[in-house]
Every structure is written in structure tokens, then in C-alpha cells.
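The values are calculated or read from the model by the stated rules, or taken from the named source; none is laboratory data. The structure presented is a predicted model; accordingly, all values stated were derived computationally and were not measured. With ideal geometry, Cβ positions are generated from the backbone for all residues, glycine too; neighbour counts draw on all protein chains shown. Accessible surface is based on the protein model in full, side chains and every heavy atom, while ligands, DNA and RNA are left aside. Shrake-Rupley method; radii C 1.70, N 1.55, O 1.52, S 1.80 Å.
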Amino acid sequence: MNDFKPAEFVQTMVDVGEAKVKTSARDLILRGIMAGIILSIAVVVAITAIVQTGIGVVGALVFPVGFCILSLMGYDLVTGAFGLAPLAKFDNRKGVTWGKVLRCWGLVGLGNLIGSLIVAYLVAVSLTANFSIEPNAVAHKFIAASTARTVGFENMGMDGWITCFVRGIFCNLMVCLGVIGNMTSRTVAGKVVAMWLPIFIFFALVFEHTVVNMFLFPLGMMLGADFGIATWLNFNLIPTILGNIVGGLFFTCVPLYLTHIKTAPAIEAQQEKVQKVTA
């Protein structure tokens, strides 16, 4: 058997959450930086594919390559930490506190932001020949996408904020399933397939992902998009972060934890008791 049963990989989820919480600050930041770099490059690949083909779903098909690479290398996205790190606290793992969970979120998120900004600047330089020529078709696609999902939401007011928040929920529901997919198989091929499917869904449906947005919107501003940092934070990044926390933790990881860690042992114990009585 090359795959793990739910009770097995959910136990791994808790173990991984504990490991992340107890990882050193240096490693959390470094792994976060590399994850931000790789995921940002994957966004460039996806947007380029969309521009070249004119078909959005093509970008969604190729984007998961970046997620698979960073996951197999053991790098960290804060979206995954949103779902996994609290499980260690819920499971009362020794030495795990809410303060350490928040520390993990903050350090991984900082690393993701650094990596995303590095790639955003380098991509802006590449697309504009060091800002010496007009943006090309790919650059204009970044400008249009970033503007629509900041100014567009701002123009809608609270309705736009809520829309972004809900898209953040759906996004990390899928992304955390991708993170967990890496734990469901013993083979690289099995891991890749399990990760690819939910990540394809999130990108194809244009849900809001914290780390992708740490790259997309700064790049849009560097290329000349007409919005500022305040608009990006208030009408995209903040509701995206909050939505990602809700989606990843409460829609994906907590249900798996409750039914396979908390409920399953009680059911098994009851079954054993019944078997002894009837024996």
C-alpha cells in the first residue's frame, strides 16, 4: 500500500503542526522566503500561459507545479500554517501555546512576504527591461488583475470586503487540502497528484490566497497599476488573511482532526468493549 489512511495522515498533520510551532525563527523565515519565491514564480508561469493561450484554465493547470515543488522541498506557506499549527495546541502537545502558534504564523508570513517582494521586483525588472520600456502583454495582465481585485473591491465598499473574505475562505479550504495531500502517499507521484487537484481548483476559480497576493499586488504597483498600499491592505490582503485562517483551520483541518483524532479512538474503544461483552 502506497497511501495512508485518514487516521494516519491526520496524525501526521498534528505532528507537522507541532514541528512547525517548535521550529527555530531562522528556519521558519528561511523556509517562508523560499516558499514565497517559488510560489511567485509559479504565478508568473500561470499568467504567461493565460496570456499566450487566452484560456484561463491553462494557467490553473500549470500553477500547481510551484506548490508541489515547495511542498516536496519542505518549505512553508503561512496558509498551511494557518491550518496545521493550531492542531498541536488543540491536541495539548507539550510546550505548544497560542503565543507560539501566532509566532509561527508571523515568522512564516514574514518570510513569504520577503520572498514574494524579491520576485516581484525582479519580475518587474525583467518585464520592463529594468523599467526602460513599456509593460508587455504579460505585465498588463498583472496590472489588470491586481487592479480588479483591489480597486474593484474598494468600489464595492463592504460588499467587496466580504467578497474577498469569502474567496479567502474557499481558497484555503482547497490549499490546506493540497498541503495535506503531501501527507497522503508514500510516493512522489501520489503526493503530486493529491496536491495538484485542490490547487488547480483554487486557482481556476480565482480565490484569494495570502502569499499569491503578497506577490501579485506589489508587482502590479511596480508596473504602474493605479492603487496604493492602503487599498491593497484594506480591501485585499487583510480580508484574504482572515478568510484563509477561517477556511484552512475551520473548514479543512479541524473537521479532519475531530473525526479522525478525537472521534475515531472513542468509536474503536466502544467496538472493542462490545466485542469483549459478546465474546
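Side notes on the structure shown:
- Extending 7 Å from the Cα toward the beta-carbon at both VAL206 and ALA230 defines two label points whose distance is 2.7 nm.
- Amide N of segment 99-143 lying under 14 Å from the label point, which is placed 7 angstrom from the Cα of VAL58 along Cα→Cβ: 138
- With protein chains left intact and a 1.4 Å probe, residues in the chain average 45 Å² of accessible area per residue.
- Taking amide H positions as modeled 1.01 Å from N, with prolines and chain starts lacking one, the residues under 5 Å from SER185 and 5 or more places away or on another chain are PHE4.
- Take the convex hull of the alpha carbons in segment 50-96; its mean projected area over all directions comes to 4.7 nm².
- Extension gain, GLU8 back to LYS22 (0.36 nm per residue minus Cα-Cα distance, nm): 2.9 nm
- Eigen-decomposition of the gyration tensor built on the alpha-carbon atoms of segment 1-101 gives equivalent ellipsoid semi-axes of 31, 17, 11 angstrom, largest listed first.
- Sum of -39500 (n - 2.57) over DSSP H runs of 4+, divided by residues of the chain (222 nm, nearest 500): -24000 deg cm²/dmol
- If you take the Cα centroid of segment 1-50 and the Cα centroid of segment 125-192, the two points sit 17 Å apart.
- Segment 181-266, accessible surface, carbon-and-sulfur percent (1.4 angstrom probe): 75 percent
- Comparing GLU18, GLU134, GLU208 in a Gaussian network model of the chain, where Cα atoms under 10 Å apart are tied by springs, the biggest mean-square fluctuation is seen for GLU134.
- Remark: C-alpha extents of segment 150-221 on the principal axes read 47, 24, 16 Å, sorted largest to smallest.
- Its residue count N fixes a reference of 2.2 N^0.38 Å for segment 1-52, and the Cα radius of gyration divided by that reference is 1.68.
- Helix 6-22 axis, angle to the chain major axis (alpha carbon atoms, nearest 10°): 60 degrees
- Correct choice for Rg/Rh (Cα atoms, Kirkwood Rh) that was computed from the model, options (i) 0.99; (ii) 0.96; (iii) 1.03: (iii)
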